[in-house]
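Below is one structure; the comments refer to it alone.
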Amino acid sequence: MAEITADTVAERLENDEALTLIDVRDAADFEEWHIPGSEHVDVYEDLKNDPDSAAATLAELPADEEIITVCAAGVLASDAADMLEAAGHDAATLENGMNGWARVHRHAELETDLEGELIQVARPGTGCLSHVLISEGDAAVFEPSQYVEEYETLLEEYDADLVGVFDTHAHADHVSGGAKLAERNGVPYYLHPADASGIEARAVEDGDVLEVGAVEITVIHTPGHSPGSVTFAVEDEALLTGDTLFHNSVGRVELGVDAGLEETNVEENAETLYESLERLRTVDGDPLVLPAHDPGSPQPPVAARLSEVNDRNEAFGQDRETLVAALAGDIPDQPANFQRIKLANVGTEEISDEEADELELGPNRCAAE
């Protein structure tokens, strides 16, 4: 049985190469989270209990297409690929299934007038976006995933020395690699103290200005989604907005309350978020808005100017009363395992690497809908 890596699938999808992704998980799991463009073939139970029936269903797939079978971890999908091969199909299995898809990282440079490079790192499987700033041989990493080797490899590619690691806030949807990456490289990890209740971090406060090579980064405190949420203004070229402002939505305001980490209530947080959005509306120039997430399956670069976001993001332009009512009213489904992820990221709960892998699986849900 042949296997194909998730990185190879991501690259081929990015290049619009022809391949047919057949997801054999049950319907609920497929509906919840799947690779864009994949097809669902409902043989999950048959693969476990009635292989002959599963083989008959799979044999009906087009014979002239390259087929990649997908499941959660690659086990049942390998059975499906064997059945397809036995029926004469060109078939392979996605190595490690959706678990492997969640680990894919892709990167691309953003167009800016900075004295250096600003690189976006995207995880198509989770919607997470992080950024790497490189100037005069120094580098800073913003919002790194737990897979810190991806960033170390990128820094080697650019021959840059890491000088700091930054998180805009303690995330609730993915396990941060910020503290780990900083510790491995002997550099500071920066986080606002309101989100660092149990983790060793270098405090960033509103108005702080930090330097990476020839580039200045200004801290704008933008709470609401989280008490310690900040936006990093990379001169007048980019706003790293975390989960405060997305291209088509704004941050949720109930996750910290529901996780037992905040003494405020949802309405108070919504009011606070409105004030933070007001600050972002009035920044100078027309910088790129670079959030920490994209709701789709992002292939970098994913960027929009502040003026574009203002035009297309309905929530960003709402008046106080309307926005507060919307954020405190119809609350969408919460991210999977968000309580434990949030507690790990603020430093009050320890989790193993294996637990971190499991906790992250599933769609991103940090934007208000």
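The values are calculated or read from the model by the stated rules, or taken from the named source; none is laboratory data. No experiment lies behind these values; they were computed from the predicted model shown. FYI the Cβ positions are ideal-geometry reconstructions off the backbone, even for glycines, and counts take in every protein chain you see. Note: areas computed on protein heavy atoms with side chains; ligands, DNA, RNA excluded. Shrake-Rupley method; radii C 1.70, N 1.55, O 1.52, S 1.80 Å.
When the range 270-313 is examined, which residues are found to be free of Cβ contacts under 8 Å to residues at least 24 places away in the same chain, charged (D, E, K, R) and out of contact with any Asp or Glu (no Cβ under 9 Å at 6 or more places or on another chain)?
Answer for the range 270-313, where residues must be free of Cβ contacts under 8 Å to residues at least 24 places away in the same chain, charged (D, E, K, R) and out of contact with any Asp or Glu (no Cβ under 9 Å at 6 or more places or on another chain): GLU278, ASP311.
Taking the range 131-178 as the search range and keeping residues that are of a type in the set (Val, Ile, Thr) and open to solvent by 20 Å² or more (accessible area, probe 1.4 Å), which one is farthest from LEU288 (Cα to Cα)?
The selected residue is THR153.
Going by the conditions given, is GLU271 within 27 Å of THR153 (Cβ to Cβ) and charged (D, E, K, R)?
No; evaluated as a whole, the condition is false for this residue.
Among the listed residues LEU245, LEU273, LEU240, LEU255, which satisfies the condition of being more than 27 Å from LEU114 (Cα to Cα), open to solvent by less than 50 Å² (accessible area, probe 1.4 Å) and within 17 Å of the chain's Cα centre (by Cα)?
Unique residue meeting the criteria: LEU255.
Could you check ARG279 against (1) open to solvent by 50 Å² or more (accessible area, probe 1.4 Å); (2) in contact with a Phe, Trp or Tyr (Cβ under 9 Å, 6 or more places away or on another chain); (3) of a type outside the set (A, V, I, L, M) and say which number it fails?
Result: ARG279 fails condition (2) only.
Given the conditions (1) open to solvent by 70 Å² or more (accessible area, probe 1.4 Å); (2) closer than 25 Å to HIS105 by Cβ; (3) touching a helix residue (DSSP H, G or I) at 6+ places or on another chain (Cβ under 7 Å); (4) not polar (S, T, N, Q), report the number of the one that ASP42 does not fulfil.
Here ASP42 clears every test but (2).
Quick one: ASP159 ticks every box in (1) at positive phi; (2) in contact (Cβ under 8 Å) with a residue 24 or more places away in the chain except a single one, so which number is it?
Every listed condition holds for ASP159 apart from (2).
Would you confirm whether or not the range 25-35 contains a residue that is under 16 Å from GLY127 (Cα atoms) and touching a strand residue (DSSP E or B) at 6+ places or on another chain (Cβ under 7 Å)?
yes
Looking at VAL230, VAL219, which one is under 18 Å from PRO291 (Cβ atoms) and crowded, with 24+ Cβ neighbours inside 10 Å? Steps first, answer last, please.
Working: VAL219 fails: crowded, with 24+ Cβ neighbours inside 10 Å.
Exactly one of VAL230, VAL219 is under 18 Å from PRO291 (Cβ atoms) and crowded, with 24+ Cβ neighbours inside 10 Å, namely VAL230.
Among what's in the range 181-200 and is closer than 24 Å to ASP357 by Cβ, modelled with pLDDT of 95 or more and out of contact with any Asp or Glu (no Cβ under 7 Å at 6 or more places or on another chain), pick the residue that is most open to solvent (accessible area, probe 1.4 Å).
GLU183
Going through the range 261-270 one residue at a time, which ones are over 23 Å from the mean Cα position of the chain (by Cα) and open to solvent by 30 Å² or more (accessible area, probe 1.4 Å)?
Hits for the range 261-270 are GLU263, THR264, ASN265, GLU267, GLU268.
Where the second residue is of a type outside the set (D, E, K, R) and at pLDDT below 90 and the first is more than 19 Å from ALA91 (Cβ to Cβ) and open to solvent by 60 Å² or more (accessible area, probe 1.4 Å) and lies in the range 8-20, which pairs have Cβ atoms under 9 Å and are six or more apart or on separate chains?
GLU14/GLN299
Can you tell me which residue within the range 63-83, out of those that are open to solvent by 30 Å² or more (accessible area, probe 1.4 Å) and touching a strand residue (DSSP E or B) at 6+ places or on another chain (Cβ under 7 Å), is nearest to PRO298 (Cα to Cα)?
GLU66
What are the residues in the range 137-183 that are within 19 Å of GLU109 (Cα to Cα), in contact with a His (Cβ under 8 Å, 6 or more places away or on another chain) and assigned to a loop (DSSP other than H, G, I, E, B), if any?
Once the filter is applied, which keeps residues that are within 19 Å of GLU109 (Cα to Cα), in contact with a His (Cβ under 8 Å, 6 or more places away or on another chain) and assigned to a loop (DSSP other than H, G, I, E, B), the range 137-183 yields only GLU143.
Return the residue satisfying two criteria in turn: it lies in the range 84-110 and is without any contact (Cβ under 8 Å) to a residue 40 or more places away in the chain and out of contact with any helix residue (DSSP H, G or I) (no Cβ under 7 Å at 6 or more places or on another chain), and of such residues it is least open to solvent (accessible area, probe 1.4 Å).
As a first pass, look at the range 84-110 and keep what is without any contact (Cβ under 8 Å) to a residue 40 or more places away in the chain: 84, 86-90, 97.
Filter again for out of contact with any helix residue (DSSP H, G or I) (no Cβ under 7 Å at 6 or more places or on another chain), leaving 86, 88-90.
Values: ALA86: 92, GLY88: 60, HIS89: 17, ASP90: 90 Å².
So the residue we want is HIS89.
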